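Only one structure is covered here, and it is reproduced in the block below.
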């Protein structure tokens, strides 16, 4: 059909460790999840996870989650929307401290086309799959919760296997699933 757009299944990492106009970091993440509906249909959302900061450690703990979205937007189009959403929550990537405190962090982790093939992409705005994906427990734990059998591109391993491996490699309290 002429003009039909491909459908994508994408996984988005969400994080916050500063209050925003939406409220606490946890409230900010949940409001951002609902805002992802503008991109298509949110089909799965993990629990919230309390996580220690990585890299720049002199900052509050983060609240993290992962959402799966079915969309007709290309990954590049979606990434531009994610950056605009971050900005609407008060984040300015150009002036903020790299890996520092933030009201909202949205990362496009990986994308699959309508045939289930992993999308590989490299541009100044977006690299897919996310280059740090398989090494970040704060992403792999929530991803394994909602998509345990998805094979993470470039690793040949499932989200569950990578999360298990990272759990063994790090402290038990580095990533804590929040109840309720």
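Some observations on this one:
- Among the residues of segment 115-138, the one identified as surrounded by fewer than 18 Cβ atoms within 10 Å (Cβ to Cβ), touching a strand residue (DSSP E or B) at 6+ places or on another chain (Cβ under 7 Å) and part of a loop (DSSP other than H, G, I, E, B) is 120.
- Where strands (runs of 3 or more DSSP E) sit wholly within segment 30-100, those with at least 2 residues that are under 13 Å from residue 12 (Cα atoms) occupy 40-45, 62-71.
- In the set 36, 14, only one residue is modelled with pLDDT of 95 or more and in contact with a helix residue (DSSP H, G or I) (Cβ under 6 Å, 6 or more places away or on another chain); that residue is 14.
- All positions within segment 152-169 that are surrounded by 13 or more Cβ atoms within 10 Å (Cβ to Cβ) and farther than 12 Å from residue 11 by Cβ: 154, 155, 157, 158, 160, 161, 162, 163, 164, 165, 166, 167
The values are calculated or read from the model by the stated rules, or taken from the named source; none is laboratory data. In this text, all values refer to a predicted model and were calculated from it rather than measured experimentally. Cβ: placed from backbone, ideal geometry, glycine included. Neighbour counts: every protein chain shown.
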